[in-house]
1. How many nm separate the modelled label positions at residue 165 and residue 129, each set 7 Å beyond the Cα in the direction of the Cβ?
2. Fewest Cβ neighbours within 10 Å first, please rank 174, 67 accordingly.
3. Rank these for me by crowding, 101, 128, going from fewest to most other beta carbons within 10 Å.
4. Near residue 80, which aspartates and glutamates are there with a Cα under 15 Å away, not counting those fewer than 8 places off in the same chain?
5. Note down the relative contact order for region 94-212 as a percent, whole number, built from C-alpha pairs under 8 angstrom at least six residues apart.
6. With each label point set 7 Å from Cα along the Cα-Cβ vector, what nm distance links residue 144 and residue 59?
7. Would you mind telling me the antiparallel percentage of the DSSP bridges in the chain, rounded to 5?
8. For residue 144, what is the net charge nearby, where nearby means another residue's Cβ is under 15 Å from its Cβ and Lys, Arg count +1, Asp, Glu -1?
Amino acid sequence: MFVDGQRVTQLGTRAAADAVITLAPEARATQARQATILVHKPMGYVSGQAEDGHQPAASLISPKTQMAGDHQRFQPSHLKGLAPAGRLDIDSTGLLVLTQDGRVARQLIGDDSKVEKEYLVRVEGALDARGLALLNHGLELDGKQLRPATVAWANPEQLRFVLKEGRKRQIRRMCELVGLRVTGLKRVRIGRVRLGDLPLGQWRFLRENESF
């Protein structure tokens, strides 16, 4: 910020009533930039508009729930036109992207999007080598072949899924086709952006050095 042409960096600095106050160029650029927000969605929240009495994930976004140490200050304008770039089921947790930037939305959910989404999936049931091979490639949903995926055991109770598409309840339905029941599902990565240490129910801005 500049006061009568002099840069001011000290919070709480007083200015005369007739002083000319202008924003620094970098501050104007930050204001103009469209926000992209990462949310660690808990169970019980829907990705988009409120439905069946369940709150949308966007309702979690407030100064109180912003991750400690986040680089950018929240402004109410960041909520204007904010929309989910992809879905995460009501009974799933993990990384959800909300954005004001149509370019980000197209990158993540456009018909030709090839951005990977990674999930940890807790399952019950027996899975043999043939079933695991089918999860990787060979299944279809709603009469349409699924794109090849990367599916492997992360530990004795959890599978790691890496997908490049996002059909409705895709992972749960894939598991059902090979005799598994999903008991927990968490998205931990979208492209090059990881959920990391973002606490459940909190959010942060996409950082300038991050991209999907």
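1. 2.7 nm
2. In increasing order of surrounding Cβ atoms, one gets 67, 174.
3. Final ranking by Cβ density, sparse to dense: 128, 101.
4. 101
5. Here the relative contact order equals 34 percent.
6. For residue 144 paired with residue 59, the spin-label model returns 3.1 nm.
7. Percent antiparallel among DSSP bridges in the chain is about 90.
8. Local charge sum for residue 144: +2.
Every number in this text was worked out from the coordinates using simple rules, so none of it is lab data. Model, not experiment: these values are computed from the prediction. Positions of Cβ are backbone-derived with ideal geometry, glycine not excepted, and every protein chain shown enters the neighbour counts.
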